[in-house]
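The values are calculated or read from the model by the stated rules, or taken from the named source; none is laboratory data. Here the structure is a predicted model, which means the values were calculated and not measured. All Cβ positions, glycine included, derive from the backbone under ideal geometry; neighbour counts span all protein chains shown.
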Amino acid sequence: MSPLRGGIDLGGTKVQAAVLDDEGSVLGSAREATPTRGTPADVAAVMIAKLTEAAAQAGVEPRSLATVGVGSPGAVDAATGTVTGAGNLPGWGGSYELGQTLADAFDAPVLVGNDVDAATYAEFLQGAGQPFKSLLGVFWGTGVGGGVVLDGKPWNGRGAAGEIGHVVVRIGGARCGCGRRGCMEAYAGRASMERRARRRARKGVHTELFRIMKKRGSTRLTSGVWVKAVERGDPLAVELMEDAISALGAAIASSVNLLDVEAVVIGGGLGLRLGAPYLERVQDAMLANTFARHRPPAIVLAELGDLGGAVGAARLAAEQLPARRTRRRSTAQAAPA
Ligand SMILES: [Zn+2]
């Protein structure tokens with residue numbers, strides 16, 4: 001039997017775990033809401049529980065997984081598995097040795113990488129990006145994350161490549177969650193869109209957005225709330241959505257002008273919820289700013305949904321880490337030296 005691989009996507013709203021075989025087939029999966037209070041250790045405990053559950057579903061002992069990959073938000077040190085400043089996670093303003101904690105729990109080598117890089121790579125290997133050799137992943141949700149695959153390989157730069165949400169689309173523009181101004185995410189990220197909507201509503205601008213939100217029993221302007229309000233023609237929702245699409249189009253075009261990738265894969269909560277009609281609008285906004293307009297990249301919707309991050313993390317770990325048995329042998333060989 002081929003070795004089995006564990007993957008965990010650590011998101012701001014959910015922890016998704018999966019167990020894969022070496023062909024990428026998902027044999028078991030489990031998910032749970034990310035704890036909203038507590039410490040990084042509490043979050044790690046949920047991650048361990050979910051991967052254990054996914055392993056049970058796949059019919060294997062959790063400690064028999066050959067490798068474990070993690071896609072994490074925040075600043076990730078891939079060499080040590082330390083995650084720093086994951087602001088959307090409880091008590092995670094500082095550093096936490098996530099990789100080591102999971103390695104101890106599963107007695108397996110662990111690779112911690114960026115969540116969006118993992119999701120992009122999964123789309124490349126077994127999702128919407130399969131026909132292409134180079135692509136840009138754009139995950140449009142609370143923020144806007146990006147990932148890059150060039151010439152068949154994930155490109156991470158020195159660890160921080162692909163941050164398309166922080167491509168500047170307006171110099172001196174709106175304040176971004178990152179503290180700087182004019183980033184694409186400051187217009188297109190769902191959290192920023194909500195901040196802008198709340199500010200305008202406080203100033204007396206009429207909008208249905210918050211009525212729809214309350215009717216749905218939500219305290220946040222979720223993707224579903226935005227879709228509903230835009231469908232109803234709510235002027236503020238339509239205006240902010242248009243700003244978001246222009247910003248997305250400009251940032252994607254700038255990235256394409258630089259990298260000339262074959263395809264752009266759009267995913268994320270908002271991207272998937274808005275779907276095909278919006279893909280076309282993003283494409284139009286991109287084309288308006290594309291240098292090589294005669295040969296634009298394909299724009300496609302992500303296909304792997306919620307499992308993408310976990311699948312990508314598992315496969316990155318499988319490729320980049322020596323498997324457990326190999327590691328033990330090489331450790332033994334290395335010892336005398
Ligand atoms: Zn920013």
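If I filter region 10-38 down to residues being of a type in the set (Lys, Arg) and within 19 Å of the chain's Cα centre (by Cα), which single residue comes out as modelled with the highest pLDDT?
ARG31
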Fill in: region 284-295 residues that are under 14 Å from LEU259 (Cα atoms) and charged (D, E, K, R), paired with ones that are at pLDDT 95 or above and assigned to a loop (DSSP other than H, G, I, E, B) (beta carbon under 9 Å, 6 or more apart)
ARG295/ASP260
Item to complete: Kindly indicate which of THR36, THR52 is within 21 Å of GLY141 (Cα to Cα) and either free of Cβ contacts under 8 Å to residues at least 24 places away in the same chain or assigned to a loop (DSSP other than H, G, I, E, B) (or both).
Response: THR36
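Listed here are the residues, each with its yes/no results for (1) under 18 Å from VAL144 (Cα atoms); (2) among the small types (Gly, Ala, Ser); (3) outside any helix (DSSP H, G or I).
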{"residue": "LYS228", "(1), (2), (3)": "no, no, no"}
{"residue": "ALA237", "(1), (2), (3)": "no, yes, no"}
{"residue": "ALA244", "(1), (2), (3)": "yes, yes, no"}
{"residue": "ASN257", "(1), (2), (3)": "no, no, no"}
{"residue": "PRO277", "(1), (2), (3)": "no, no, no"}
{"residue": "ASP284", "(1), (2), (3)": "no, no, no"}
{"residue": "ARG295", "(1), (2), (3)": "no, no, yes"}
{"residue": "VAL311", "(1), (2), (3)": "no, no, no"}
{"residue": "ARG315", "(1), (2), (3)": "no, no, no"}
Worksheet item: Given GLY147, GLY204, which one is more than 19 Å from SER223 (Cα to Cα) and surrounded by fewer than 23 Cβ atoms within 10 Å (Cβ to Cβ)?
Response: GLY204
Fill in: Pair list, Cβ under 6 Å, 6 or more apart: region 172-187 residue within 20 Å of GLU239 (Cα to Cα), other residue of a type in the set (Asp, Glu) and more than 8 Å from the ligand (Cβ to nearest atom)
TYR187/ASP243
Worksheet item: Given the conditions (1) within 16 Å of the ligand (Cβ to nearest atom); (2) surrounded by fewer than 18 Cβ atoms within 10 Å (Cβ to Cβ), which single one is not true for GLY189?
Response: (2)
Item to complete: Kindly indicate whether any position in region 226-239 is within 22 Å of ASN289 (Cβ to Cβ), modelled with pLDDT of 95 or more and away from the ligand (no atom under 14 Å from the Cβ).
Response: yes
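Within region 64-85, which residues are part of a loop (DSSP other than H, G, I, E, B) and crowded, with 17+ Cβ neighbours inside 10 Å?
LEU65, ALA66, PRO73, GLY74, GLY81
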Item to complete: Name every residue in region 149-172 that is under 16 Å from LEU248 (Cα atoms) and either of a type outside the set (Gly, Ala, Ser) or within 10 Å of the ligand (Cβ to nearest atom) (or both), in order of residue number.
Response: GLU163, ILE164, GLY165, HIS166, VAL167, VAL168, VAL169, ARG170, ILE171
